[in-house]
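For reference, the structure is listed below as structure tokens.
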Amino acid sequence: MPAFPFRLEVKAGEIARKTVIFDKPGEYQFSCDLPGHHEAGMKGTLIVRAF
Ligand SMILES: [Cu+2]
């Protein structure tokens, strides 16, 4: 189950931005969904902290 309820597409060499408001702190996993990319390490963890 993906942590983010959206998919962001971008062409090579370009930048895509999206603003997201999180309801609660936590660690959210994200990754590229192209075949083999997640396994190749194209993934990360977004850490959301409360202030
Ligand atoms: Cu990728």
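Here the extension length gained between residue 46 and residue 8 equals 12.2 nm, from 0.36 nm per residue of separation less the Cα-Cα distance. Of the two radii for the chain, the radius of gyration is 0.98 times the Kirkwood radius, both from the alpha carbons; that is the Rg over Rh value.
Counted by Cβ distance under 15 Å from residue 43, the other residues give a net charge of -2, where Lys and Arg count +1 and Asp and Glu count -1.
Split the accessible area of the chain by element, probe 1.4 Å, and carbon with sulfur accounts for 57%. Here the Karplus curve 6.51 cos²θ - 1.76 cosθ + 1.60, taken at θ = phi - 60°, turns the phi angles of region 43-51 into couplings of 7, x, 10, 9, 9, 10, 10, 7, 10 Hz, with x standing for Gly and Pro.
The chain: which GluC sites (Glu not before Pro) are DSSP loop and have at most 12 other beta-carbon atoms within 10 angstrom? Before the final figure, lay out the partial values.
Working: sites: 9, 14, 27, 39; in loops: 9, 14, 39.
Hits after loop and neighbour filter: 9, 14, 39.
Converting phi to 3J(HN,Hα) with the Karplus coefficients 6.51, -1.76 and 1.60 and the offset θ = phi - 60°, region 6-11 yields 8, 10, 10, 10, 8, 7 Hz in sequence order, with x at every glycine or proline.
Shown here for the chain: trypsin sites (Lys or Arg not before Pro) in loop regions (DSSP other than H, G, I, E, B) with at most 15 other Cβ atoms within 10 Å, namely 7, 11, 17, 18, 49. Here is the list for region 1-41: chymotrypsin sites (Phe, Trp or Tyr not before Pro) lying in DSSP coil, each with at most 11 other C-beta atoms within 10 angstrom of its C-beta, are 6.
The values are calculated or read from the model by the stated rules, or taken from the named source; none is laboratory data. Note that this is a predicted model, so its numbers are computed, not measured. Cβ coordinates were reconstructed from backbone atoms using ideal geometry, including for glycine residues, and neighbour counts include every protein chain displayed. Note: areas computed on protein heavy atoms with side chains; ligands, DNA, RNA excluded. Shrake-Rupley method; radii C 1.70, N 1.55, O 1.52, S 1.80 Å.
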